[in-house]
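Heads up: the structure comes next, in structure tokens.
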Amino acid sequence: MKKILLFSLCLLLTNFIGQNLFAGKHRVNNNPELNAEFTDIQTAIDAASVGDTIYIEGSTLPYESDSLIINTQLVIFGPGFYLEENDSTTVDKLNAIVSSFIVFNAGSSGSILSGLDIQGFGSEIQINADNIQVSRNHLVTHIEIVGNVAQTLIAQNYWDCCGIFMLTGEYAATVFILNNIFTIDTGPISISDFGSGIIENNVFLFSSELSVSNSTIRNNICVGGVYVGNNTVSNNFEYITLEDFFLMTGSTDGKYQLKPDSPAIGAGYNGTDCGAFGGAQPYMLSGLPPIPHIYEAYIDVIGTNEDGLQVKIKAKTQN
């Protein structure tokens, strides 16, 4: 009863947000006891209309399917990740693990994918549409940008594996890679000769060089180096020692916040901090999506006819 009521309260909060006040909102939860609108992500995608928001709720079971095909502009939100490690995340600490080959086709231009834990055999994100935003996810997979895609935003993600590959045709394409944390096992970032990149305020923990072309590369902190070919390069730190820059204590993602005497403070372009927590859209701990969330709740086990069921919650908005 408590869990079902809590999900209802979360749904009530999310009814007040969305890119379009009149767009539809849909719940997905693969636990049949919770009586969500959908138990399967693809079914929810197929039923949604342009501009709708799909909330994939945390679960003890991964959301597994061979593929998720998105042909419509949608906003897809998960609950975030590392929810037990950071303060004031959500009452329900379950993340939403998605194990699928995710494809954004041409009709999905303008879609957002945020707050998910994307990992598992066969996982990949393939982008064939303009203005796709992949943000605030835990990624143990790679992203491929293919076809004539004008621009893509990849921001505020925590990467544990693989990388970003821009495989465009003869077409001016730009990928914005902003405020991500790439761990030691992350693969390369590859941008074709016909593409370009804006690579700012990231943390690169792998020891090899960042090897790209036609890109603006600034405000990054790199364990390895930065390839200085046909790029505009400034205000980066290279070949660093982690303890000189970061807290290195706390949560899995929080330990990469700058320590008080870090040389990266104020050292970025226009005086911003370097690294994932600097710049115009800093990394968000636990990948909390930009929707209101309940971070504390008390629900009585038993109610009365006179007083009803007592519920106390604390919630806050999330940028």
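The values are calculated or read from the model by the stated rules, or taken from the named source; none is laboratory data. Just so we're clear, the structure is a prediction, and the values are computed from it rather than from any experiment. All Cβ positions, glycine included, derive from the backbone under ideal geometry; neighbour counts span all protein chains shown. Surface areas here come from the heavy atoms of the whole protein model, side chains and all, with no ligands, DNA or RNA. Shrake-Rupley method; radii C 1.70, N 1.55, O 1.52, S 1.80 Å.
One table, with the values for the structure above:
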item: Residue in region 243-260 that is modelled with pLDDT of 95 or more, more than 13 Å from ILE181 (Cβ to Cβ) and open to solvent by less than 20 Å² (accessible area, probe 1.4 Å) present; result: no
item: Selection status of ILE199, closer than 22 Å to SER108 by Cα, in a strand (DSSP E or B), open to solvent by less than 20 Å² (accessible area, probe 1.4 Å) and of a type in the set (A, V, I, L, M, F, W, C); result: no
item: Any chance LEU113 is of a type in the set (A, V, I, L, M), open to solvent by 10 Å² or more (accessible area, probe 1.4 Å) and not in a loop (DSSP other than H, G, I, E, B); result: no
item: Residue count, region 156-212 (criterion: β-branched (Val, Ile, Thr), out of contact with any Leu (no Cβ under 9 Å at 6 or more places or on another chain) and under 17 Å from MET284 (Cα atoms)); result: 1
item: Residues located in region 165-179, provided they are open to solvent by less than 50 Å² (accessible area, probe 1.4 Å), at pLDDT 85 or above and outside any loop (DSSP other than H, G, I, E, B); result: THR174, VAL175, ILE177, LEU178
item: Region 112-134, subset of a type outside the set (D, E, K, R) and free of Cβ contacts under 8 Å to residues at least 24 places away in the same chain, residue nearest to ILE41 (Cα to Cα); result: ILE118
item: Selection from region 23-64 of residues that are assigned to a strand (DSSP E or B), without any contact (Cβ under 8 Å) to a residue 60 or more places away in the chain, of a type in the set (Val, Ile, Thr) and within 19 Å of SER135 (Cα to Cα); result: THR53, ILE54
item: Residue ID - most open to solvent (accessible area, probe 1.4 Å), chosen from residues in region 120-135 that are in contact with a Ser or Thr (Cβ under 6 Å, 6 or more places away or on another chain) and not in a strand (DSSP E or B); result: ASN131
item: Count of region 209-227 residues which are assigned to a loop (DSSP other than H, G, I, E, B) and more than 25 Å from VAL146 (Cα to Cα); result: 5
item: Within region 66-104, tally of residues that are of a type in the set (S, T, N, Q), closer than 30 Å to ALA129 by Cα and buried (at least 22 other Cβ atoms within 10 Å of the Cβ); result: 3
item: In region 30-39, the residues that are open to solvent by less than 60 Å² (accessible area, probe 1.4 Å) and touching a strand residue (DSSP E or B) at 6+ places or on another chain (Cβ under 8 Å); result: ASN30, ALA36, PHE38
item: Filtered residues of region 251-266 (kept if out of contact with any Ser or Thr (no Cβ under 8 Å at 6 or more places or on another chain), part of a loop (DSSP other than H, G, I, E, B) and free of Cβ contacts under 8 Å to residues at least 60 places away in the same chain); result: GLN257, LYS259, PRO260, ASP261, SER262, PRO263, ALA264, ILE265
item: Count of residues meeting criterion [among the hydroxyl-bearing types (Ser, Thr, Tyr) and assigned to a loop (DSSP other than H, G, I, E, B)] in region 65-100; result: 5
item: Complete set of residues in region 180-196 that are open to solvent by 30 Å² or more (accessible area, probe 1.4 Å) and either assigned to a loop (DSSP other than H, G, I, E, B) or touching a residue at least 40 places away in the same chain (Cβ under 8 Å) (or both); result: ILE184, ASP185, ASP193, PHE194
